[in-house]
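All of the numbers you see were taken from the coordinates with simple rules; none came from a lab. Predicted, not measured: the structure shown is a model, and the values here were computed from it. So basically every Cβ, Gly included, is an ideal-geometry build from the backbone, and we count neighbours across all protein chains shown.
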Amino acid sequence: MARLCVELFGERIEPAVGNASGIFSYARVLSRIKGLGFVTYKSASLNARPGFVAPTIAEFDDFGSCLNAMGYPNPGIEAIVEEANEYPARYPIFSLIPGSIDELEQMIEIVEKKAKCCFAIKLNISCPNTMEGEKSGINIGTDSKLTREFVEAARSFTKKPLIVKHTPAAKNILEVVDASIEAGADGLALINTMPVQLKNPHMYDMPVLTRKEGGGLSGEALYETGLDIVRRVRQKYKSIPIIGMGGIDSGLRAYRYFEAGADAIAIGTAFRGKSTLEVNEFISTLLLDLGENIPFRYGSIEELRRKRQC
Amino acid sequence: MLARPCKILEIGYGSDDIRSFHLNYGEPVKAGQFVVAWLPGVSENPFSVSYNNNGKFGITVKRMHHKPCEEKTMTEAMFDLRPGDNVFLKPNPRSKEHSMLHGNGFLDVRPPGKINYLVAGGIGAAPLALLAKEIDDTNLNADVSVMIGAADFKEMDIFIGRFNRHAHALWIATDNDSAGYHGFVTDLIGKLSFSEEESIAYVCGNDAMMDAAAKKFVAHGVPEENVVLCTESYMKCYAGLCGGCERDGWRVCVDGPVFTYDVIKNGLREKRDACGTRIKTF
């Protein structure tokens with residue numbers, strides 16, 4: 001569908017729709033998912049990490065919203081890269097969640113040396129499910145100085161397109177995004193999940209997840225926040241590539257993100273509960289909506305982009 | 001919808017390490033489907049539904065002992081429970097009706113044929129015991145033959161009466177010669193005489209056993225699409241989102257746990273551990 005394509009980091013991505021990081025996670029799972037223009041793998045740490053003990057995810061709001069404290073379980077960046085080589089995708093994004101500048105350097109080196117194909121490297125400075133005292137994820141993304149430090153370091157370690165994923169929990173999101181862009185980010189992923197706590201009234205208000213601080217909110221409850229942040233960042237920065245995500249579950253919601261200024265979008269929570277057949281049907285329906293039905297009523301994505309560039 | 005408490009009504013004692021928990025909850029179920037039980041402070045794990053009596057569920061659990069340096073396992077914690085205690089069931093995010101059932105059933109994947117073989121390895125008998133009743137209840141006059149294997153006869157004791165009620169034939173194999181045939185349950189498949197009639201094989205046990213059983217059936221002319229396996233995997237999200245339960249690209253928690261052999265055969269040799277690292281199963 002030519003009308004859903006976008007030029008991103010010199011490549012023609014079609015459609016401009018991908019999976020959110022941590023959704024499906026592994027190259028082999030993604031090899032059965034059809035219709036996405038780009039894929040992002042599970043945020044990887046340098047070494048394998050089991051994450052938190054179950055329960056790590058809870059759905060509420062008639063399953064529209066989700067709270068997760070997975071704790072980024074992953075087999076380590078090297079295993080992720082090896083699997084990506086074995087089950088290749090056309091435009092793969094490797095998401096990294098380093099615990100230190102040193103780890104970041106090692107991880108980027110592994111991706112550069114071992115990945116047969118790498119569309120972009122995503123720096124995750126926004127995962128809320130870090131452990132106490134860890135200098136990673138959201139503990140970086142809520143601090144402009146640390147953000148600058150990590151993005152500058154990443155910039156110095158790689159010439160690949162560098163996307164920085166931001167958290168909605170930053171006190172002043174524009175200040176942190178400023179730091180990212182000045183430090184050399186080529187693109188922004190807006191947004192990661194919102195850190196919240198949820199207790200179960202059927203269980204004497206016990207926290208629903210094992211992680212006592214709660215987890216990251218996604219899905220329905222994140223939609224307005226994600227849209228708002230994309231809008232505000234786009235208002236300030238006319239041309240920085242933005243991948244928008246947060247509660248997209250339909251062609252219309254995807255369109256709203258494009259309207260707010262996103263160049264591409266990603267879907268996560270909306271895939272919950274779906275078999276492989278159902279996921280592929282869902283993507284197909286959403287693309288049909290976004291590419292045909294919605295332009296008919298609201299105008300096309302290209303028109304939005306053209307308007308923005310004036 | 002969040003997890004709900006569910007009382008344990010009764011406990012059935014099998015061997016030292018095998019017990020059934022009859023729960024104060026029920027809904028229409030297909031054998032193969034599982035519930036997700038949470039014990040706060042311990043863990044949240046999937047369990048195949050094994051009983052559906054008078055509209056109430058039951059699960060049969062094998063206690064796995066923890067290693068000295070590890071924490072108490074979920075199954076060990078379950079064995080501390082008594083009637084009147086609660087487990088918490090996690091609803092299925094697919095279902096607006098707030099069903100507590102996850103996954104698909106054997107008969108969703110392949111309805112019974114004229115002749116049906118149920119092959120159980122160890123605790124794999126749990127969903128198959130329910131399947132035997134389910135096929136019986138269809139009143140299709142389908143022939144049901146059961147083959148059950150375990151390390152020791154005591155481990156299958158809790159299932160024997162149930163299979164006897166619903167199956168036409170029952171063969172037993174034990175590793176330690178405590179009853180029936182001395183050897184693997186998959187050896188019994190070789191002793192069957194297959195007729196021209198369409199046969200469906202429903203198998204549940206560990207990966208090595210299911211692969212061996214499937215290969216034997218295929219060697220006897222049963223097409224791969226007629227060999228139905230109930231798999232398991234390490235699960236984290238129970239929503240098809242995280243990919244942790246993946247086998248050969250299929251997410252077991254939503255695409256399965258029941259698959260036909262042609263679909264899952266490449267996925268039996270490998271699964272993922274808690275980190276998502278791919279590990280060999282056999």
The protein assembly as shown: calculated mean residue ellipticity at 222 nm from DSSP helix runs of at least 4, using -39500 (n - 2.57): -8000 deg cm²/dmol
Given charges at Cβ of Lys, Arg, Asp, Glu: the protein assembly as shown dipole, positive-most of A:I138, B:V87, B:V35: A:I138
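Tell me which GluC sites (Glu not before Pro) from the stretch B:179-235 have a DSSP coil assignment and no more than 13 other beta carbons within 10 Å of their own.
Loop-located and lightly packed - B:E196, B:E197, B:E198.
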Fewest-first sequence of A:Y87, A:Y257 by Cβ atoms within 10 Å of each Cβ: A:Y87, A:Y257
Evaluated at q = 0.10, 0.16, 0.21 Å⁻¹: base-10 log I(q)/I(0), Debye formula over Cα of the stretch B:149-247: -0.36, -0.83, -1.16
Alpha-carbon gyration tensor eigenvalues x 5, square-rooted, for chain A, Å: 26, 24, 20
Order of B:H102, A:H202 under a 10 Å beta carbon neighbour criterion, fewest first: A:H202, B:H102
Ranked B:F88, A:F150, A:F282, criterion: other C-beta atoms within 10 Å, fewest first: A:F282, B:F88, A:F150
Solution diffusion estimate, µm²/s, Stokes-Einstein, the protein assembly as shown, Kirkwood Rh from C-alpha pairs, 10 °C, viscosity 1.306 mPa s: 63 µm²/s
Cα-based Rg / Dmax (Å) for the stretch A:78-216: 16.4, 52
Given A:K122/A:K212; A:K274/B:K236; A:K116/A:K160; B:K236/B:K265; B:K191/B:K216; B:K62/B:K154, the pairs whose alpha carbons are separated by over 18 Å: A:K122/A:K212; B:K236/B:K265
Euclidean distance between Cα centres, the stretch B:2-58 to the stretch A:197-275, Å: 34 Å
Options B:G121, B:F163, B:I11, ranked by Cα towards positive dipole end of chain B, top entry (Cβ charges): B:I11
Sequence-separation-based contact order of the stretch B:1-135, relative, with Cα cut under 8 Å and 6+ spacing, percent: 31 percent
Solution diffusion estimate, µm²/s, Stokes-Einstein, chain B, Kirkwood Rh from C-alpha pairs, 4 °C, viscosity 1.567 mPa s: 68 µm²/s
Value of relative contact order over the stretch B:160-223, rounded to a whole percent, pairs C-alpha under 8 Å and six or more apart: 21 percent
Trypsin sites (Lys or Arg not before Pro) lying in DSSP loop within the stretch A:46-142, provided at most 12 other Cβ fall within 10 Å: A:K116
Sparse-neighbour loop sites [GluC sites (Glu not before Pro); the stretch A:107-215; at most 16 other C-beta within 10 Å; DSSP]: A:E132, A:E134, A:E213
Mean projection area, nm², convex hull over Cα of the stretch A:150-199: 4.0 nm²
Cα-based reach from A:K236 at 16 Å (exclusive), listing lysines while leaving out same-chain residues under 8 positions away: A:K307
Mean shadow area of the stretch B:119-201, taken as a quarter of the surface of its Cα convex hull (nm²): 5.2 nm²
Size of charge dipole - the stretch B:43-141 - debye, nearest 20, with Cβ of Lys, Arg +1 and Asp, Glu -1, no other charges: 140 debye
